[in-house]
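Peer 1: Dropping a structure here in structure tokens format, bear with me for questions.
Quick note: the coordinates plus some simple rules give every number you see, no bench work behind them. A quick note: this is a predicted structure, and the numbers were derived from the prediction, not measured. Cβ placement follows ideal geometry from the backbone for every residue including glycine, while neighbour counts extend to all protein chains displayed.
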Amino acid sequence: MVASEVIIIGGGPAGSSCAWMLRQYGMQVLILEKESLARAKPCAGWITPSVLRDLHVHPKEYPFGLLTMRKLTVHLFGKRLPLPTRQYSIRRSEFDSWLLQRTGVPVFTHRACRIERDGYSYVIDDAYRCRFLVGAAGTSCPVYGALFRGVRPRPEDALVITLEKEIPSEDGDGTCRLWFFDEGLPGYAWYVPKEGGYLNVGVGGKFSRLKVNNQSIRDHWHAFTEKLKGLSVDPDHISNPRGYAYYVRKDTGPVRNENAYLVGDAAGLATIDMGEGIGPAVKSGILAAKSIITGAPYSLARLSRFSLKDILLPGREYSQ
Ligand SMILES: Cc1cc2nc3c(=O)[nH]c(=O)nc-3n(C[C@H](O)[C@H](O)[C@H](O)COP(=O)(O)OP(=O)(O)OC[C@H]3O[C@@H](n4cnc5c(N)ncnc54)[C@H](O)[C@@H]3O)c2cc1C
């Protein structure tokens, strides 16, 4: 049996941020991650300046491709609104691997399944034991399933379903493009350019609204790909998109149960307006770590439910 003071299940942004903070305070911590990184996570890879600030990373220090997007074009009810902004884009395979490696904590490649209480400890798959357990394994997190399902229900109207594809592209001017509510999509479609000749395109919408309207996310994807052809995207590159589902924020119950914590998508923390999940994952991971370190309550009350303010007024750049 491998024992550690803290075990984090999931090595995405939530788990890595939590481990990074715990490690700085000398806590004994290990991560169980089911994939060997760099894994390809379905995600547009847009991050706000506050993500870098929270992670104490100056844009110039990030060792992989980081594109600064200074222009955002919003398409809304046939109108085209060009807006100034300062957002970043990263590739998730690079970003997540780098965050995980930066933690400096041991990472075991293991898909966690069974979680049991044994006195003051948590035991995972009869193989790992800890005093503090952090559920950071995204939508299908086993910590949620074992310890939170009954006390923090996930309402269907908070479920967002998506289809996306990351493709090679020679997009020149680094403009991020968003189309809201096209063809009745209860969400938006995106076009997020990346450094190094990549582009992420996708559609995401509320599952409950799609169901009521008798629409499928795949039909919206097909309509969107027609639009992309007009933007010089090679049609051969946009077949076979990947799907993923996650929850936007609804505070339906606790995110802490004795010494077990939920962070990031495992807690369903993406913002209500934009479905931004990386920022809330990072912030919640850090807050959970601080609670473990200090014994203070774990509260997400100050974590914003909305992204638009951060997009339109991105605030200061991180400086050391
Ligand atoms: C198509 C799409 C586009 C998106 N675009 C954006 C965007 O541009 N910007 C943004 O801010 N947010 C975006 N999001 C949301 C964002 O991707 C998530 O909110 C974010 O990844 C949450 O981070 P996390 O660490 O909580 O979970 P994850 O990133 O999902 O990480 C969970 C980790 O746990 C591991 N894991 C899962 N199960 C187990 C298990 N049983 N045992 C061990 N390990 C396990 C997984 O392999 C994974 O590495 C998007 C989401 C989707 C689906």
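Peer 1: I'm told Phe64 meets every condition in (1) more than 14 Å from the ligand (Cβ to nearest atom); (2) within 25 Å of Val248 (Cβ to Cβ); (3) aromatic (Phe, Trp, Tyr) except one. Can you identify the failing condition by its number?
Peer 2: Looking at each condition in turn, Phe64 falls short on (2).
Peer 1: Among Ala40, Ala14, Ala44, which is within 11 Å of the ligand (Cβ to nearest atom), surrounded by fewer than 17 Cβ atoms within 10 Å (Cβ to Cβ) and of a type in the set (A, V, I, L, M)? First the steps, then the outcome.
Peer 2: On the way: Ala14 fails: surrounded by fewer than 17 Cβ atoms within 10 Å (Cβ to Cβ); Ala44 fails: surrounded by fewer than 17 Cβ atoms within 10 Å (Cβ to Cβ).
Testing whether each residue is within 11 Å of the ligand (Cβ to nearest atom), surrounded by fewer than 17 Cβ atoms within 10 Å (Cβ to Cβ) and of a type in the set (A, V, I, L, M) leaves just Ala40.
Peer 1: Same structure, new question: Anything in the range 251-289 that is crowded, with 21+ Cβ neighbours inside 10 Å and of a type in the set (Asp, Glu)? List them, or say none.
Peer 2: Asp265, Glu276
Peer 1: Need pairs with beta-carbon distance below 8 Å; first residue within 26 Å of Ile167 (Cβ to Cβ) and within the range 27-56, second within 6 Å of the ligand (Cβ to nearest atom) and among the polar types (S, T, N, Q); sequence gap 6+ or separate chains.
Peer 2: Final answer for the pair search is Pro42/Thr162.
Peer 1: Restricting attention to the range 22-37, and to residues there that are within 14 Å of the ligand (Cβ to nearest atom) and of a type outside the set (Lys, Arg), which single residue is nearest to Gln87 (Cα to Cα)? Working first, answer last.
Peer 2: Restricting attention to the range 22-37, the residues satisfying the condition of being within 14 Å of the ligand (Cβ to nearest atom) are 30-37.
Restricting the remaining residues to those that are of a type outside the set (Lys, Arg) gives 30-33, 35-37.
Details: Leu30: 32, Ile31: 30, Leu32: 31, Glu33: 29, Glu35: 29, Ser36: 29, Leu37: 25 Å.
Checking each candidate, the answer is Leu37.
Peer 1: Sticking with this one: Name the residues in the range 201-218 that are closer than 13 Å to Gly243 by Cα and either touching a residue at least 40 places away in the same chain (Cβ under 8 Å) or surrounded by fewer than 18 Cβ atoms within 10 Å (Cβ to Cβ) (or both), would you? Lay out the reasoning, then the answer.
Peer 2: Kept after step one, since they are closer than 13 Å to Gly243 by Cα, are these residues of the range 201-218: 201-205, 207, 216-218.
Once the filter is applied, which keeps residues that are closer than 13 Å to Gly243 by Cα and either touching a residue at least 40 places away in the same chain (Cβ under 8 Å) or surrounded by fewer than 18 Cβ atoms within 10 Å (Cβ to Cβ) (or both), the range 201-218 yields Gly202, Val203, Gly204, Gly205, Phe207, Ser216, Ile217, Arg218.
Peer 1: Only residues in the range 76-90 that are on the phi < 0 side of the Ramachandran plot count as the first member; pair them with residues that are among the acidic types (Asp, Glu), Cβ under 8 angstrom, at least 6 apart or cross-chain, and list the lot.
Peer 2: Partner pairs satisfying both residue conditions: Arg86/Glu317; Ser89/Glu195.
Peer 1: While we're on this one: How many residues are of a type in the set (Ser, Thr, Tyr) and farther than 22 Å from Arg39 by Cβ if we restrict to the range 11-27? Walk me through it before giving the result.
Peer 2: Applying the first criterion (of a type in the set (Ser, Thr, Tyr)) to the range 11-27 yields 16-17, 25.
Applying the additional criterion that residues be farther than 22 Å from Arg39 by Cβ yields 25.
Final tally of qualifying residues: 1.
Peer 1: Name the single residue, out of those in the range 26-75 being in contact with a helix residue (DSSP H, G or I) (Cβ under 8 Å, 6 or more places away or on another chain) and of a type in the set (D, E, K, R), that is farthest from Val192 (Cα to Cα).
Peer 2: For the range 26-75, the residue satisfying everything is Glu33.
Peer 1: Same structure again: Checking Ser4 against (1) of a type in the set (Gly, Ala, Ser); (2) buried (at least 16 other Cβ atoms within 10 Å of the Cβ); (3) within 11 Å of the ligand (Cβ to nearest atom), only one condition comes out false. Which one?
Peer 2: Answer for Ser4: the failing condition is (3).
Peer 1: Residues being surrounded by fewer than 21 Cβ atoms within 10 Å (Cβ to Cβ) and in a loop (DSSP other than H, G, I, E, B): count how many of those fall in the range 173-186.
Peer 2: Final tally of qualifying residues: 4.
Peer 1: I'd like to know if the range 300-307 contains one or more residues that are over 24 Å from Pro59 (Cβ atoms), hydroxyl-bearing (Ser, Thr, Tyr) and more than 14 Å from the chain's Cα centre (by Cα).
Peer 2: Keep residues of the range 300-307 that are over 24 Å from Pro59 (Cβ atoms), which gives 300-302, 305.
Those still in the list that are hydroxyl-bearing (Ser, Thr, Tyr) too: none.
No, the range 300-307 contains no residue that is over 24 Å from Pro59 (Cβ atoms), hydroxyl-bearing (Ser, Thr, Tyr) and more than 14 Å from the chain's Cα centre (by Cα).
Peer 1: So which residues in the range 226-250 are among the aliphatic types (A, V, I, L, M) and either surrounded by fewer than 17 Cβ atoms within 10 Å (Cβ to Cβ) or under 25 Å from the mean Cα position of the chain (by Cα) (or both)?
Peer 2: Taking the range 226-250 as the starting set, the residues that turn out to be among the aliphatic types (A, V, I, L, M) are 228, 231, 233, 238, 245, 248.
Listed by number, the residues that qualify are Leu228, Leu231, Ile238, Ala245, Val248.
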